[in-house]
Amino acid sequence: MNSLVILISGRGSNMEALLEAALPIENIIVISSNPNAGGLEIAKTRRIKTLIVDHRTYPDRASFDAALAERIDRYQPDLIALAGFMRVLSDSFVNRYQGRLMNIHPSLLPAFPGLNPHKSALQEGVRIHGCTVHFVTSQVDHGPIVIQAAVPVLPDDTEETLAARVLQQEHRIYPQAVRWFMEGRLKFSFNRVEVSKPTICKTILFSPGLQK
Ligand code: GRF
């Protein structure tokens, strides 16, 4: 029986994309670090079990992480998916779930890890931006990459318009990555991820486009 724990802190749109994707998972539990996370309502509406581990009620990261791990371990999940989970996790937490802890980050990693990636992309003037699903290591927003999607940066983009374009793609690639994991199609090879029998996409994205 496949089991997934989704960790959220806010809006929960990536969580919703995972819930909507009809993944081959029998048991899904959503845990929020924030009692006011919008995603909690979305999960409840879909009759998904929710739990709150409020980070503000723990004196330090170690005790929060221990409480979180204790809740997670009750469900023996195959995979833990961070979906807008706004806490930095300790090394011991990350090591405990090595190879079964995934994250989505709204940039083409390793570019723009951390906060405000869309702002950084605009400041740097990159023409192509995007999002990444990766396995989590103790380095924040770094780790073996499963799938990425690229979008153009348009001349009149603001942080909001760019974020919205990237988010649409996040909602496509995260369910795909989790599906591959649950189907046993992801394998680690020298700290990289191999996807068994992926669809190869040979499209080239130019941004701005080429002109004759
Ligand atoms: C997403 O952009 C995700 O990539 C990042 O935080 C944001 C969370 O959005 N880690 P949501 O809560 O999934 O709507």
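The values are calculated or read from the model by the stated rules, or taken from the named source; none is laboratory data. Predicted model, so just to flag it, every value in this text is computed and none were measured. Note: accessible area is taken over every heavy atom of the protein model, side chains too, but ligands, DNA and RNA are not part of it. Shrake-Rupley method; radii C 1.70, N 1.55, O 1.52, S 1.80 Å.
Using each residue's phi in the range 196-212, evaluate 6.51 cos²θ - 1.76 cosθ + 1.60 at θ = phi - 60° and report the 3J(HN,Hα) Karplus result to the nearest Hz, with x for Gly and Pro.
Values, residue by residue: 6, 6, x, 6, 8, 10, 9, 5, 10, 9, 9, 8, x, x, 6, 10, 7 Hz.
Assign one of three labels to the range 1-97, namely rounded, prolate or oblate, based on the Cα gyration tensor with a ≥ b ≥ c the square roots of its eigenvalues; rounded applies when a/c is under 1.5, prolate when it is not and a/b is larger than b/c, and oblate otherwise.
oblate
Find the relative contact order for the chain and round it to a whole percent, using C-alpha pairs within less than 8 Å whose residues are 6+ positions apart.
It rounds to 18 percent for the chain.
Given springs between every Cα pair under 10 Å in a Gaussian network model of the chain, which of Asn34, Asn14, Asn95 has the largest fluctuation?
Asn95
Going by amide H atoms built from the backbone, whose H comes under 5 Å of the H on Ile52, apart from near neighbours?
For Ile52, whose amide H was placed from the backbone, the distant partners under 5 Å are Ser32.
Per residue, how much accessible area does the chain have with a 1.4 Å probe, in Å²? Each step should come with its number before you reach the end.
Details: 11620 Å² over 212 residues.
Heavy-atom SASA per residue in the chain reads 55 Å².
Ordered by residue, what ³J(HN,Hα) values in Hz, to whole numbers, does the range 42-58 give under the Karplus form 6.51 cos²θ - 1.76 cosθ + 1.60, where θ = phi - 60° and Gly and Pro are x?
Working through the residues one at a time gives 4, 5, 5, 4, 8, 6, 9, 5, 10, 9, 10, 10, 6, 4, 6, 9, 10 Hz.
Using the Karplus curve 6.51 cos²θ - 1.76 cosθ + 1.60 with θ = phi - 60°, work out ³J(HN,Hα) for each residue of the range 29-38 in order, rounded to whole Hz, and write x for Gly and Pro.
Couplings: 10, 10, 10, 10, 7, 10, x, 9, 4, x Hz.
Would you give the gap between the C-alpha center of the range 1-73 and the C-alpha center of the range 80-144, rounded to a whole Å?
Between the Cα centre of the range 1-73 and that of the range 80-144, the gap is 18 Å.
Roughly what percent of Cα-Cα pairs across the chain reach past 24 Å?
Counting every Cα pair in the chain, those more than 24 Å apart make up 42 percent.
Out of residues 5 or more away from Leu108 or on other chains, whose amide H comes under 5 Å of its own, with H placed 1.01 Å from N in the peptide plane?
So Leu108 has HN proximity to Gly130.
Run the accessible area of the chain with a 1.4 Å probe and give the carbon-and-sulfur part as a rounded percent.
Ligands and nucleic acids excluded, carbon and sulfur reach 50 percent.
Order the following by accessible area, largest value first: His142, His55, His129. Probe radius 1.4 Å; ligands, DNA and RNA are ignored.
Details: His142 80, His55 55, His129 5 Å².
The ranking, largest first, comes out as His142, His55, His129.
Please compute P(r) over all alpha-carbon pairs of the range 89-212, binned at 5 Å starting from zero, and give each bin as a whole-number percent.
In order of increasing distance, the bins hold 2, 11, 20, 21, 19, 14, 9, 4, 1, 0, 0, 0 percent.
Which whole-number percent is the relative contact order of the range 1-97 (Cα, under 8 Å, 6+ apart)?
Result for the range 1-97 is 39 percent.
On alpha carbon coordinates alone, what is the Rg over Rh value for the range 2-48, Rh being the Kirkwood radius?
Reported Rg/Rh (Cα atoms, Kirkwood Rh): 0.93.
Among the DSSP beta bridges whose two residues both lie in the chain, what percent are antiparallel, rounded to the nearest 5?
45 percent
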